[in-house]
Amino acid sequence: MKIVAPAKINLGLQVFGRRPDGYHDLESILQQISLSDCLTFQPAQSPGWRFKCSHPQLGGTDNLVCRAARMLEEITGKELPGVTITLFKNIPPGSGLGGGSSDAAAALQGLNIFWRLGLSPQELAGLGAGLGSDIPFCLEGGTALATGRGEKITSLTPLPFFWVVLALPPRLSISTASVYGSLGRNIPSVRPLGILREAISRGDREGILNWFCVEQVNSLQPPVLARYPRLRLLQRRMSELGLKPAMSGSGPAFFALTGSYLLSRRAALALQVEGYRAILCWTVQKTATSRY
Ligand code: C5P
């Protein structure tokens, strides 16, 4: 069995404030994109699970995939059929594109099927939220509004198709905890997310693109740009190439939506030539066919 684990971008992210449990209350509109990791599940002779990963630094037992497998093992409390889980990594780790969360969501879904556990989508979302705030969204997919610490999901009208140019400097990954940890009391405000939400519900492509005409779409972007001058350069280069860039999550990946394949391809190629890691992908809708 093979399960696709798509990356996400935050079309908008407003952080409100720190909560007593150390997390931050937020509101975000999330969108799945075609850039994906892939997990395979193969029967194995001896009971229980083992894990392999195509990325040498992510093959340890602290990987969220292993934590998801351990969590399912613990709640069932019995010996489960042998399975080898292999993670093929494409999404840059520590980039703000939700790769680890999506892998964990795919592991929960895959093992629920492989081990015939019969857990409902709600039960999986509850377990996922315990592992990471973005995991319930990754289980749900498509276009959604996230509230609370990011774990409360409301599906939205699917976003119309857009090309997505992703770019990040090579060898830069940022810890989400460090970005949230650096937020003081004056958390940057973004434009009201209702504006974007309404444009999405109308299927208004121009309205959606206009959302990105101002910089205030992600509360975490100003503090991250202040800390990483390399990212300010990247943001400027993307603008010069005719894009309207915004940071995804806690960065460092920047993205831009466009309606033009030619513009997107030209920009992605130019950024690659300049040494950035640039990827051309597209928005995806929620499907029931991500499993083979
Ligand atoms: O939930 P997740 O494990 O992905 O979060 C990683 C870290 O990011 C948390 O430990 C916390 O420090 C920070 N965070 C936060 N508020 C959120 C989400 C994450 O402070 N809403």
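Nothing in this text is a laboratory measurement; each read-out follows from the coordinates by a stated rule. Please read all numbers here as calculations on a predicted model, not as lab measurements. Ideal geometry is used to build each Cβ from the backbone, glycine not excepted, and the neighbour counts take in all protein chains shown.
A few comments on the model shown:
- The chain - percent relative contact order, Cα under 8 Å, separation 6 or more: 25
- Using a Gaussian network model of the chain in which every pair of alpha carbons under 10 angstrom is joined by a spring, one finds that among V83, V165, V65 the greatest mean-square fluctuation is at V83.
- In summary, the lysines within cross-link reach of K2, defined as a Cα separation below 29 angstrom excluding same-chain residues under 8 places away, comprise K52, K78, K89, K152, K286.
- FRET efficiency, 1/(1 + (r/R0)^6) with R0 35 Å, evaluated for E206 and R230 via beta carbons: 0.65
- Inter-site label distance for K152 and E79 at 7 Å from Cα along Cβ, in nm: 4.4
- Along each principal axis, Cα extent of the stretch 112-168, largest first, Å: 38, 28, 27
- Helix-only CD estimate at 222 nm, as mean residue ellipticity for the chain, using -39500 (n - 2.57) per DSSP H run (n ≥ 4): -10000 deg cm²/dmol
- Tensor-based shape of the stretch 92-232 (alpha-carbon gyration tensor, a/c under 1.5 rounded, otherwise prolate or oblate): oblate
- Length gained on full extension, R19 to E240, computed as 0.36 nm times the residue gap minus the Cα-Cα distance: 75.7 nm.
- R116-E198 FRET efficiency (beta carbon distance; Förster radius 45 Å; 0.05 resolution): 0.55
- Packing order of peptides 84-95, 242-253, 125-136, 47-58, highest average first: 242-253, 125-136, 84-95, 47-58 (average count of other Cβ atoms within 10 Å over each peptide's residues).
- Shape category assigned to the stretch 10-84 from the gyration tensor of Cα positions, a/c cut at 1.5: prolate
- In terms of its alpha-carbon gyration tensor, the stretch 194-242 comes out oblate; a/c meets the 1.5 threshold, while b/c is at least as large as a/b.
- Segments 19-25, 110-116 sorted - mean Cβ within 10 Å per residue, highest first: 110-116, 19-25
- You can think of it this way: the chain between T287 and R191 has 31.5 nm of extra reach, that is 0.36 nm per residue less the Cα-Cα gap.
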